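Engineer: Have a look at the structure that comes next, please.
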Amino acid sequence: MTASAPQAPVISLRGVVKQYGAVRALDGVELSVAPGATALLGPNGAGKTTMIKLLLGLVKPDAGEARLLGFDPRKPADGVELRRKVGYMPESDCLPPQMNAVELVSTLARITGLSESDAITRAHESLDYVGLDEQRYRDIAQYSTGMKQRVKLAQALAHDPPLLLLDEPTNGLDPKGRRHMLELVADLGHAHGKSVLLCSHLLPDVERTCDHVVVLDRGRVAASGALLELTRSQSRSSRVRVAGDVDAFAGELAARGIACDRESERVLRIHAPGEDADELFGLAGSVGAHLEAVEEQRSSLDQVFLDVLKNSREARA
Amino acid sequence: MTAATHTEIYRPFRGALAPSRWAFWPLYRAQMAIATKRKLPLFILFFGPAMTGIVVSFLAYLSFQIEESGSGGPLLSGAGLAAQFAAQLLEVHKLIIQAMTAARYFAVLAMAWYGAGLICDDRRAGAHLLYFSRPLTRFDYMLAHFATAFTFGCFAVLGPGLLICTVATFNSPNFIFLTEKWPVIVGTIGYSLAFVTVLSALILAVSALSKRKSYALAAVFGVFMSTLALGGAMAALMRERQWRMLSLVSHFERVADWWIGSSRSIFRWDPWWSVAVLGGLTLVSFAIVAWRVRRMEVVA
Amino acid sequence: MSGALLAADQLGRWYGQVVGLSDLTLSLERGVTGLVGPNGAGKSTFLKLVAGEIRPSRGTLEVLGLKPFANSELFRRAGFCPQQEALYEDMTGLEVVRFLMRLHGFGAAEATRRANEALDRVGLGDARKRRVGGYSKGMRQRAKIAQAIAHGPELVVADEPFNGLDPVGRAEMTALFAQAGREGMSVLVSTHVLHEVEALTHEIVLFHRGRLLAQGPVGQVRQLLSRHPRRVELRAREPRRLARALVELDFVLSVRVAQADGRIDVETFELERFFEALTRIAAELRVGVTSLESHDANLEAVFDYLVA
Amino acid sequence: MLNFLRTTWLLYRTHLVRTLRARRMWLVAFGVALAPLIAWIVAQSPRTIRGLDVLTALGFLLTINVMAPLASVIVGAAVLGEELEDRTITYLLTRPISRPAILVGRWMASATVLVALFALSAALLGSIAGQFPPPSDDKYLIPAGLTGALVGASALAVFTYSALFSTLGVFFKHPMIVGLGYAFTIEGFLANLPGKNQALTIQYYVRCFLASQHPQAWAGVEDVVPREPLDAAQSVRWLLGIALVALAVGALALRRKQYELTA
């Protein structure tokens, strides 16, 4: 992602607090989200849903300043106008079972302000985009989880909003459905200039679709930044699977003074100094072995997520 | 389908996004579409009102025919004729009152069935998340649901009433039914609209309070049957009709007698009392609905 | 108890015209097994048949040697964690598990002990004293797993137990099932988030359109697919030079160079010979190979081929 | 057989606690308290009112005719119907227990609560009615056993109604709606028709039980006394018979019933 000129942030929150009785759902959130695809991560109950409701203008912050696409969710007029510019895909079930997909998406589009004919055409266009073919005329009660998730995305797209709030879009989907959904999200986030705020627990999904990551924990921003920076590991090491005489290869490495530890019978983790693995290939060849896999070891987002949570809690303890 | 193919399919929307003044209208249309999808309940619940309308219209038609066929007797003089017209008009008037009483019972059934699930089913399905994440104010949301219940009420009550009045008007010789009995027609329409408004508000409030449609139905039946029984029991006990005021149904009958019926009515109390009670009930119901919808908008 | 954990013979079940399971012949041994398949492939129907909630429309099924439908003997020796979230909302977590344990015939004290022990194991701390109505999705899932293992069954059947859990919860539950497996308890887990199954077990059963598509360790399932070429993904500083060299190898089917990030996708029928050749070429040409991955080992690739 | 009894006792205890804690109990409690409350209010009024009328009018028109079926529908539907709708039934169906015990155990809990509440309400009503000034003409004296009869009738009514509505839960997805349909349209219509088809309703047998013991006391309230009432013993046998048959049918069906709770 070439760093384009820093545009105005899509979402900016300063010192936002939201209290539900004794529970502080949002505890002084400082956040600025640039256009493009951003992931909002956090364990259950970290305040993600509250933040989404705040961004939709459904919930008023107790303190602090919130700006979404230039609107202030606190002002009622802005609140209504704001919701015309946002597509929200809820995490929980939210589809009325007796309606069919076309009825639902066109009705919701009309409520947002499209004319009757625009609403119908947009409904069909969105449903085509999410790949819901002729089932769109059957009642939603008979839909599988996958089809429901697609209708949820379609209704968020119908009025072509510049900002999409997607809450766990791949929840309950099988691999095929999940990959299709991720392709849509990645495509929306990058090819059409839409900004996407994606909440998800499935970190592999986030890695495939988002450029920036914000980690929320107990109502506070524990970490935020570009995905690549966050996951660049400190020491460069690579995981290698070897076929043939593994011990000889390990011996060769040790002779060269290259530190390596044995992860499993045929997998070694090597802290090679060099930029690439050519030297390793050479070494393997020399002892009659060959390499079957070479993986540059970046700490996966799971690891980052767990570490960030750990030290954010230690910091607080 | 790799991502590349998606770029062409997604077409940005070039149309204008009009500021939606009538945001309640599409929601109302959608609710009506859902309700009328299943034809069986529609038939069962509206068979009664339809029959009431047709049968009573036929009776009204018959009562005017007797005059033309004449009983073979000498041509009645002017006064005799006028007396006969008056008798027929009174006859039709009584028919309308009976029709309205029957229609009321069917209306409660139909509106309870279609109205009870309106708000609680939205909450159970989670659909309010979709509605309130759009520029839909709480008032629009309530208005859409109110209009749905109101529509079914009109079909059950206003429908038969209007049918009977029209048939009576066209069959009465040179429209004397219209010229002389127009207060009855106006009264029928007024009463039907008032009755349906109060009932819609009550049912919406019950729907907003209950968790499931079945509980809402039980509550609506409960309110009607228990107040009816209470009124009846107290009246029998105290041997005074005044105590009928405890029953909701009696208030509706009192207003019906006052607007449509003849002046003397089996109920003694001043009709304004009933109007006050029903009006108050409607306001309280709207307040409950507004309060619950407010909570729905915020809580997931 | 020896013998197969579970044996199905031409098992079929449908709801009206909707086919849940069309013709399944399968036998599972003890241990941890992953049940994988797209939405609507028949996993939930199969698990309901195993749990004895519904009867087969056709064919036979035996679990632990017993006919499952409403079979108390089976329910004593097996625990079930259903897919839906509903639980007794007005009771607390502890009350729910203790009540269900009483139904197993345990005395009051024993039931409480088992309930607490199971709730500790799933990590539902002091939330067990709170009403289930207020539980988050993750906590509900833990309570459901607790009621399935509290009576120490031989077999635990769980339908999508990781749904809605965050990575921390997911890792803990995977560890719990793996530990149960090590303690000799057979575990049958259905899920379609593939990287969870990989962490949990190698033994998978693949469902598709109500039929058994493949069964066995992931690698072995992969072998079955000789008709699909193997895909290898390479990254190098000079992708073009490396690609030119690879194309000349006669056992390489196709080479695709993705310009943006210097990625090369290679398809070949003989993986072994390709790796040997690659080691030699990389050492000679010094094109700066940074990563080498063959998509075959991980489950998603296997799943793709089978289900595509 | 031992498993059946043990499970029934267990489910009885758990459901009893849950029923008392449930929010719907407020609705039922209000319905039950209405008659004695009104009687107490009427007692304050200066007018001379006969205790007999208070007992018969409120006892029958309010409690037996409306509150008994309504409360039974609300509580009865929760025995099984609600658990099916929430799909928590799977937790019971996969336990080593006898399935009929689920229906019987839970119905007993509901019946216990209903019978206790309604008997209490009738007794309370009887005692309040007793305190009214004695009527001038002793034809209107409250006969000795009348309160007892009302207590018996209320208890029998909810006993039978709850059995019927609980069993509906085994067969219908929405037992509440079916129950309401039966209670207020079928019973409301048939029970008040002259002629034989009254016998199709539970209300008829309850009225026979009431009217057969003190016919003259019920003269004041219209359509209580059916044309040829059965005597008290016969109507009790009918009511208990209906309840047991309903439960037996439900219990047997539950053994083989498959609940396809597809998502």
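Engineer: Run D:Ser136 past the list (1) outside any loop (DSSP other than H, G, I, E, B); (2) more than 14 Å from every other protein chain (Cβ to nearest Cβ) and report the number of the one that doesn't hold.
Structural biologist: Going through the list (1) outside any loop (DSSP other than H, G, I, E, B); (2) more than 14 Å from every other protein chain (Cβ to nearest Cβ), D:Ser136 breaks only (1).
Engineer: Another one. Is it the case that some residue within the range C:20-39 is more than 19 Å from the chain's Cα centre (by Cα) and part of a helix (DSSP H, G or I)?
Structural biologist: No, there is no match, as no residue in the range C:20-39 is more than 19 Å from the chain's Cα centre (by Cα) and part of a helix (DSSP H, G or I).
Engineer: With the structure loaded, tell me whether A:Glu103 is closer than 24 Å to B:Ala18 by Cβ, surrounded by fewer than 24 Cβ atoms within 10 Å (Cβ to Cβ) and facing chain B (nearest Cβ under 8 Å) or whether it fails that test.
Structural biologist: yes
Engineer: Restricting the search to the range C:235-250, which residues are of a type in the set (Lys, Arg) and touching a helix residue (DSSP H, G or I) at 6+ places or on another chain (Cβ under 9 Å)?
Structural biologist: Passing the criteria: only C:Arg241.
Engineer: Which one is modelled with the lowest pLDDT among residues in the range D:53-64 that are surrounded by 24 or more Cβ atoms within 10 Å (Cβ to Cβ) and touching a Lys or Arg at 6+ places or on another chain (Cβ under 9 Å)?
Structural biologist: If we take residues in the range D:53-64 being surrounded by 24 or more Cβ atoms within 10 Å (Cβ to Cβ) and touching a Lys or Arg at 6+ places or on another chain (Cβ under 9 Å), then D:Phe60 is modelled with the lowest pLDDT.
Engineer: Just to check your reading of the model, which residue among B:Gly161, B:Gly115 is within 18 Å of B:Phe24 (Cβ to Cβ) and crowded, with 24+ Cβ neighbours inside 10 Å?
Structural biologist: Going through B:Gly161, B:Gly115 in turn, just one is within 18 Å of B:Phe24 (Cβ to Cβ) and crowded, with 24+ Cβ neighbours inside 10 Å: B:Gly115.
Engineer: Continuing with the same structure: Looking only at the range A:35-93, count every residue that is farther than 24 Å from A:Gln155 by Cα and among the small types (Gly, Ala, Ser) and tell me the total.
Structural biologist: Residues that pass the stated criteria total 7.
Engineer: Between a first residue in the range D:138-151 that is in contact (Cβ under 8 Å) with a residue 24 or more places away in the chain and a second residue that is surrounded by 20 or more Cβ atoms within 10 Å (Cβ to Cβ) and outside any helix (DSSP H, G or I), which pairs have beta carbons less than 8 Å apart while being 6 or more apart in sequence or on different chains?
Structural biologist: Going by the 8 Å Cβ cut-off, the qualifying pairs are D:Tyr140/D:Arg50.
Engineer: For the range A:19-43, what are the residues that are within 14 Å of chain C (Cβ to nearest Cβ), in a loop (DSSP other than H, G, I, E, B) and in contact (Cβ under 8 Å) with a residue 40 or more places away in the chain?
Structural biologist: A:Gly42, A:Pro43
Engineer: Further, regarding this structure: The conditions are (1) surrounded by fewer than 21 Cβ atoms within 10 Å (Cβ to Cβ); (2) facing chain B (nearest Cβ under 9 Å); (3) under 23 Å from the mean Cα position of the chain (by Cα); (4) not in a loop (DSSP other than H, G, I, E, B), and A:Lys53 fails exactly one of them. Which is it?
Structural biologist: (1)
Engineer: Can you name the residue in the range C:64-77 that is at the interface with another protein chain (Cβ under 8 Å from one of its Cβ atoms) and either in contact with an Asp or Glu (Cβ under 7 Å, 6 or more places away or on another chain) or among the charged types (D, E, K, R) (or both) and, of all such residues, is farthest from C:Phe106 (Cα to Cα)?
Structural biologist: C:Glu73
Conditions (1) out of contact with any His (no Cβ under 6 Å at 6 or more places or on another chain); (2) surrounded by 14 or more Cβ atoms within 10 Å (Cβ to Cβ); (3) at pLDDT 75 or above; (4) assigned to a helix (DSSP H, G or I), marked per residue:
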site: B:Pro12; (1), (2), (3), (4): yes, no, yes, no
site: B:Ser20; (1), (2), (3), (4): yes, yes, no, no
site: B:Gln31; (1), (2), (3), (4): yes, yes, yes, yes
site: B:Ile34; (1), (2), (3), (4): yes, yes, yes, yes
site: B:Ile44; (1), (2), (3), (4): yes, no, yes, yes
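Engineer: Quick one: count up the residues across the range C:114-134 that are surrounded by 21 or more Cβ atoms within 10 Å (Cβ to Cβ) and either outside any helix (DSSP H, G or I) or within 14 Å of chain A (Cβ to nearest Cβ) (or both).
Structural biologist: Of the residues in the range C:114-134, 1 are surrounded by 21 or more Cβ atoms within 10 Å (Cβ to Cβ) and either outside any helix (DSSP H, G or I) or within 14 Å of chain A (Cβ to nearest Cβ) (or both).
Engineer: Which number in (1) of a type in the set (Val, Ile, Thr); (2) closer than 20 Å to D:Cys208 by Cα; (3) surrounded by fewer than 22 Cβ atoms within 10 Å (Cβ to Cβ) marks the one condition that D:Val158 misses?
Structural biologist: Checking D:Val158 against (1) of a type in the set (Val, Ile, Thr); (2) closer than 20 Å to D:Cys208 by Cα; (3) surrounded by fewer than 22 Cβ atoms within 10 Å (Cβ to Cβ), the one that fails is (3).
Engineer: Please enumerate the residues belonging to the range C:40-62 that are basic (Lys, Arg) and either assigned to a loop (DSSP other than H, G, I, E, B) or under 24 Å from A:Thr145 (Cα atoms) (or both).
Structural biologist: Once the filter is applied, which keeps residues that are basic (Lys, Arg) and either assigned to a loop (DSSP other than H, G, I, E, B) or under 24 Å from A:Thr145 (Cα atoms) (or both), the range C:40-62 yields C:Lys43, C:Lys48, C:Arg55.
For (1) outside the structural domain of A:Val196 (by TED's automatic domain parsing); (2) among the aliphatic types (A, V, I, L, M); (3) more than 26 Å from A:Arg208 (Cβ to Cβ), each residue gets a yes or a no:
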residue	(1), (2), (3)
A:Ala39	no, yes, no
A:Ile52	no, yes, no
A:Gly57	no, no, yes
A:Pro61	no, no, yes
A:Thr112	yes, no, yes
A:Ala123	yes, yes, yes
A:Arg136	yes, no, yes
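Engineer: Which condition number in (1) out of contact with any Pro (no Cβ under 8 Å at 6 or more places or on another chain); (2) β-branched (Val, Ile, Thr); (3) surrounded by 19 or more Cβ atoms within 10 Å (Cβ to Cβ); (4) under 24 Å from C:Gly3 (Cβ atoms) is the one that C:Val50 fails?
Structural biologist: Answer for C:Val50: the failing condition is (1).
Engineer: Restricting the search to the range C:53-71, which residues are crowded, with 23+ Cβ neighbours inside 10 Å and not hydrophobic (A, V, I, L, M, F, W, C)?
Structural biologist: Within the range C:53-71, just C:Pro68 meets the criteria.
Engineer: Picking from C:Thr60, C:Thr45, C:Thr33, C:Thr92, which residue would you name as being within 17 Å of C:Leu188 (Cβ to Cβ), more than 10 Å from every other protein chain (Cβ to nearest Cβ) and among the polar types (S, T, N, Q)?
Structural biologist: C:Thr33
Engineer: Could you count how many residues in the range D:171-188 are more than 18 Å from the chain's Cα centre (by Cα), among the aromatic types (Phe, Trp, Tyr) and within 11 Å of chain B (Cβ to nearest Cβ)?
Structural biologist: Total meeting the criteria: 1.
Engineer: Something else: Scan the range A:91-120 for residues that are small (Gly, Ala, Ser) and either under 21 Å from B:Met296 (Cβ atoms) or part of a loop (DSSP other than H, G, I, E, B) (or both) and jot them down.
Structural biologist: A:Ser92, A:Gly113, A:Ser115
Engineer: Spot the failing condition for C:Ser186; the list is (1) farther than 26 Å from C:Gly37 by Cβ; (2) of a type outside the set (Phe, Trp, Tyr); (3) surrounded by 18 or more Cβ atoms within 10 Å (Cβ to Cβ); (4) touching a residue at least 24 places away in the same chain (Cβ under 8 Å), and only one is missed.
Structural biologist: Single failed check for C:Ser186: (1).
Yes/no per residue for (1) modelled with pLDDT under 90; (2) within 12 Å of chain A (Cβ to nearest Cβ); (3) more than 20 Å from the chain's Cα centre (by Cα):
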{"site": "B:His93", "(1), (2), (3)": "yes, no, yes"}
{"site": "B:Ile97", "(1), (2), (3)": "yes, no, no"}
{"site": "B:Ala107", "(1), (2), (3)": "yes, no, no"}
{"site": "B:Ala110", "(1), (2), (3)": "yes, no, no"}
{"site": "B:Arg124", "(1), (2), (3)": "yes, yes, yes"}
{"site": "B:Phe132", "(1), (2), (3)": "yes, yes, yes"}
{"site": "B:Arg138", "(1), (2), (3)": "yes, yes, yes"}
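Engineer: For the range A:106-115, what are the residues that are buried (at least 23 other Cβ atoms within 10 Å of the Cβ) and within 7 Å of another protein chain (Cβ to nearest Cβ)?
Structural biologist: A:Thr107, A:Leu108, A:Arg110, A:Ile111, A:Thr112, A:Leu114, listed by residue number.
Engineer: Does the range B:267-277 contain at least one residue that is buried (at least 21 other Cβ atoms within 10 Å of the Cβ) and modelled with pLDDT of 85 or more?
Structural biologist: Checked the range B:267-277: at least one residue is buried (at least 21 other Cβ atoms within 10 Å of the Cβ) and modelled with pLDDT of 85 or more.
Engineer: Checking A:Glu65 against (1) within 23 Å of the chain's Cα centre (by Cα); (2) in a strand (DSSP E or B); (3) at pLDDT below 90, which single condition isn't satisfied?
Structural biologist: A:Glu65 satisfies every listed condition except (1).
The values are calculated or read from the model by the stated rules, or taken from the named source; none is laboratory data. As the structure is a computational prediction, the values presented were derived from the model and not from experiment. All Cβ positions, even for glycine, are placed from backbone atoms using ideal geometry, and neighbour counts span all protein chains on display.
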